[in-house]
Amino acid sequence: MSATSSGEPSGVEAALASATLRIECGREGFARVREFTRATLRSWSLEHRADDATLVVTELAANAATHAVPWTPAGEANVWLRLVLEDAHLVLSVHDPCDSRPVPAPVAGSDLAEHGRGLCIVDALAEEWGWTPHPPTGKTVWAKLPTLPAPS
C-alpha cells in the first residue's frame, strides 16, 4: 500500500531516462498528457504500466488545474509533467505554481461522485506518493509506480 509523505520520494534511484511536458490545462491538454505518457512508456518498453500511469498523471494534472491554476495570475500558471524511469520505479510528477499542500478528500459519500477522488485513486495505484514544496511558490506532487508487471 502506498504512503503519503512530504519531501522527495524515498529511496531515490538514479534516473535511467526522463521526459517532460508543459501541460495546457484544458480538455486538449489532458488528452495530450495521456498521449505523451503512453508514447513515453511505449518507448521505454513499459506498456504494461500505461493504464495506471495514465490515470495517475491525469488525476495529478486535473488537481493542479482545479486547485492551483485558478489562484495564479494570468499567464503565470505553468504546470509541468515529468516522467522519470528508475531501475525499479516509474516516478510521475506534476509541478504547479501553488504552494498549498495536496489534501485527499474524505472518503465519505458516494463511490460514484464525480469530484474529490483523485488523490484516493493515486493512493490506490501508487506504491508511494507525496509532495515537495518549492518556496517561495509552487510544489511538485509525485507518485511512484513499480516498473515490474503487476502480479496476476
Self-check item: 11 Å beta-carbon shell around A143, net charge (K/R +1, D/E -1)
Solution: -4
Quiz item: S43: accessible area at probe 1.4 Å, nearest 10 Å²?
Solution: 80 Å²
Quiz item: Going by average Cβ neighbours within 10 Å, how do the peptides 33-42, 132-141 rank, with the highest at the top?
Solution: 33-42, 132-141
Practice problem: Show the residues, 5+ positions off or on another chain, whose built amide H is closer than 5 Å to the amide H of K139. | Solution: D96, C98, H134
Practice problem: Would you kindly state how much longer the chain becomes between S45 and H67 on full extension, computed as 0.36 nm times their sequence separation minus their alpha carbon distance, in nm to one decimal? | Solution: 4.6 nm
Quiz item: At A19 and D87, where each label point lies 7 Å from the Cα along Cα→Cβ, what is the point-to-point distance in nanometres?
Solution: 2.4 nm
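The values are calculated or read from the model by the stated rules, or taken from the named source; none is laboratory data. From a predicted model like this one, the values you see are computed outputs, not experimental measurements. Cβ sites come from the backbone with ideal geometry, for glycine too, and all protein chains shown count toward neighbours. Ligands, DNA and RNA are excluded from the accessible area calculation, which covers all protein heavy atoms including side chains. Shrake-Rupley method; radii C 1.70, N 1.55, O 1.52, S 1.80 Å.
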